[in-house]
Each structure stands twice: as C-alpha cells, then as structure tokens.
1. Tally time: how many residues in region 351-367 are farther than 14 Å from Phe295 by Cα and either under 23 Å from the mean Cα position of the chain (by Cα) or assigned to a loop (DSSP other than H, G, I, E, B) (or both)?
2. When region 307-323 is examined, which residues are found to be small (Gly, Ala, Ser) and closer than 18 Å to Ser362 by Cβ?
3. Tally time: how many residues in region 9-29 are surrounded by 15 or more Cβ atoms within 10 Å (Cβ to Cβ) and under 21 Å from Asn239 (Cβ atoms)?
4. Determine if region 108-118 includes at least one residue that is closer than 25 Å to Asp344 by Cα and part of a strand (DSSP E or B).
5. Quick check on Ala90: is it within 18 Å of the chain's Cα centre (by Cα), farther than 18 Å from Ala349 by Cβ, not in a strand (DSSP E or B) and not aromatic (Phe, Trp, Tyr)?
Amino acid sequence: MRQSYLVFGQPLIEQPEIDEVLACLRSAWLGTGPRAAEFERRIAAYKGVPHAVGLNSCTAGLHLGCLVLGLGQGDEVITTPMTFCASVNAIVHAGATPVLADVDPVTMNIDPEQVRRRITPRTRAILPVHFAGRACDMDALMSIAKEHDLRVIEDCAHAIETEYRGQKAGAIGDLGVLSFYSTKNIVTGEGGMVLTRDPDLAKRTKMMGLHGMSADAWKRFTDDGYKHYDVEEVGFKYNLMDLQAAIGMHQITRIEAYWQRRLVIWNRYLREFADLPIGLPAPWPANERHALHLFTILVDERRCGISRDEMLMRLHRQNIGTGVHYRAIPGMSVYQRRYGWRADDCPHAKTIGDRTLSLPLSAKLTDDDVGDVINAVKQALGA
C-alpha cells in the first residue's frame, strides 16, 4: 500500500506560474487587469474564437450564458442528467426551467433522440455537456437546434482540448463555457471562461460579469483622461482576477504536453484493466479528440462482487483518492421536491450514476503513482 495519500485530481503547478503569481502580488494589482486580458487572448487563440470572457467560475459562465441569450421565466432548457448540479442550477438561477434528456449508455453524453422527444413549445435552448471530455453528437444537436430555432450553450467544463469533426468544442454552439477549477486539465484554482463568435454576446457577458458596468476598472484611464463608468444593467460579481489568470496564462502553454501525458496514463489503464470485470471508457472516433479529463470505470456489483461504494472505500483504504462523476441529477432531493423528478426518469443516467467511479488522471501523476492505482484496483477486485 502507498505510504502517502494520492489526492484525486491534483493539478501540476510549475515554476512559471509560481513566478507569475509572485509578480502579480508584487505589482499590487490582484483584480481584473492585464493578466486576465492576456489569459483571455491565449484561450481564444487556442479555441479558435474571436472572443473569450474570463469569469470566476464555469457556473458563472453558464448562468450569464443563459441570461445574455435571453432565457428566463417560462422558457425550457434541455440538458443532461449526467452532469454536475451547476449545469442545472445555472438554468434555474436564470429563471428558466431545466428539462432532462437521458444519455447514450455508451458515450454517457446527452442522446439527441431523447432531446428531440422533450421539445415543447416552451423549449428555447439546449445545454449539452461534453462528459469526461468526450464530444457530444453536435451535428445532431445543432440540426435539432436549427429545426426548432433553439440556442445552444456548450458546457465545456471537461472539454478544453475536445474536438468534434475538426471543430473545437465550445466554438460550435452560440456559447461555450470552460472551467479552470482545481481538478481540471488547465487550472486557475477557481475560474471559468465564456467563448463566442458573437461580439455582442461577448460584450454583454463581460459587462454582466462585472456588476453591469460599462468599463473595466483597469481601463478607465486612457490617453484622453479619466473615463467615468456607467451601470447599464443589474449585473453580478463574476470577474476573473489577475491572481487567477497568472496561473492559467502559463498552464495553457503546456496544454498539449499535459494531454499527451494523460493519454499515456489512459492507455496504460486500458491495457491493465482489460481483463477485469469493470466497465471501461468506450473508444472515440478517429475524427474527434477526447480531452481525457475523467477516466471513469463502471462497477456492477453483479459482475464485480462489490458495489461502487465499497470499491471506492477499498481504494480509499489503500490511499487512493477517487471521484464519483456523477450521481444522476434526477435522484437529487432538491430537484425531486421542485420538479417532481424521480431517480428512474432517466434510466441510463441512473445506471451509470449508481456504478461510476473516476480514477486519478492528471499530468502530475508519476509512473509509480499510476502503478499504485492499478495495483489498488486489482486488489480491490480480488484480481
């Protein structure tokens, strides 16, 4: 057994971002400023979009995405039950009603046919989530959106590197939203970013993310003197700080190297677990790129002899940290009370949610760390 605990989802923090954070501290400009703007430029260039708006979380981006697209009271937004609650909560906070469409049992992504069945006269948008970094069937979803005049917000919390048939995830719908939370592929501690090709949506997102003010604080002094700001809308305190961007602006320069390292780990897991009675992630099409954010296994008690929760505890006792991504949304009590949802409403999502377990997958993992995970899984299964 390992001597130290292997924390799930550890980010790899290197010297350039440490130096940048110190420089930011010494500059005494910690809030939204030039580093946040530079991080936005680097992300926009990587994703191939003209506009990227930094915010303090992906959740904030999803919330503002709903608002700037005009979604609100009486509107329905179709999303997936296999996601973190933030995807659903953002819809609720905008005043709209979330509607769940079940997932494909193989890809674990929202099923376009299930989306089609849930469209009503009140449906205004689709919010797909590229689960674990695998691209949703965006051709089918965009076709449905065009047919019914719906807006599309891509939840790309897992999908910064994801590509779909030559297109970058987050650049396909009206808006895409990234996460830089501490366990993500690129981190800022807390943070998010909205991507769009529409300059008006970008401008309004930026304004709504900083109180509804007409200008950033750091842009008020120009060659023409001081420029007073106006408050044009009742906005929110969602802006990304330079202190956060100081980390992300260097992380993004190593995104390919980090992805390659996770691919090595991913393939080693697939080889080592091939003969075990657990479900493994399905392969992805050759014309797509998986972001390799989560390596999820499925633990079926009938096949494995133990439940998912017992598997989790056995790994924990061997000093291996894991995650559960995710318990299906319809089983959560707040939504059952509010919308009358039942755990069995989305049977594929329920089956996955009852069995899924995420193993450590991070560029920070050493070969020995990966070996410890593999050995712990085999021991937990009695293999």
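1. Of the residues in region 351-367, the ones farther than 14 Å from Phe295 by Cα are 351, 353-354, 364, 366-367.
Now narrow it down to the ones that are either under 23 Å from the mean Cα position of the chain (by Cα) or assigned to a loop (DSSP other than H, G, I, E, B) (or both): 351, 353-354, 364, 366.
The qualifying residues number 5.
2. Pass one, region 307-323, residues small (Gly, Ala, Ser): 307, 321, 323.
Gly321, Gly323, listed by residue number.
3. The qualifying residues number 5.
4. Within region 108-118, the first condition is being closer than 25 Å to Asp344 by Cα, and the residues that meet it are 108-118.
Right, trim to part of a strand (DSSP E or B) and you get 110.
There is at least one residue in region 108-118 that is closer than 25 Å to Asp344 by Cα and part of a strand (DSSP E or B).
5. On the way: within 18 Å of the chain's Cα centre (by Cα): yes; farther than 18 Å from Ala349 by Cβ: yes; not in a strand (DSSP E or B): yes; not aromatic (Phe, Trp, Tyr): yes.
Spelling it out, Ala90 is indeed within 18 Å of the chain's Cα centre (by Cα), farther than 18 Å from Ala349 by Cβ, not in a strand (DSSP E or B) and not aromatic (Phe, Trp, Tyr).
FYI, it's all coordinate maths here, none of it is from the lab. All of these numbers come straight from a predicted model, not from anything done at the bench. Neighbour counts are summed over all protein chains in view; Cβ atoms, including those assigned to glycine, are modelled from backbone coordinates with ideal geometry.
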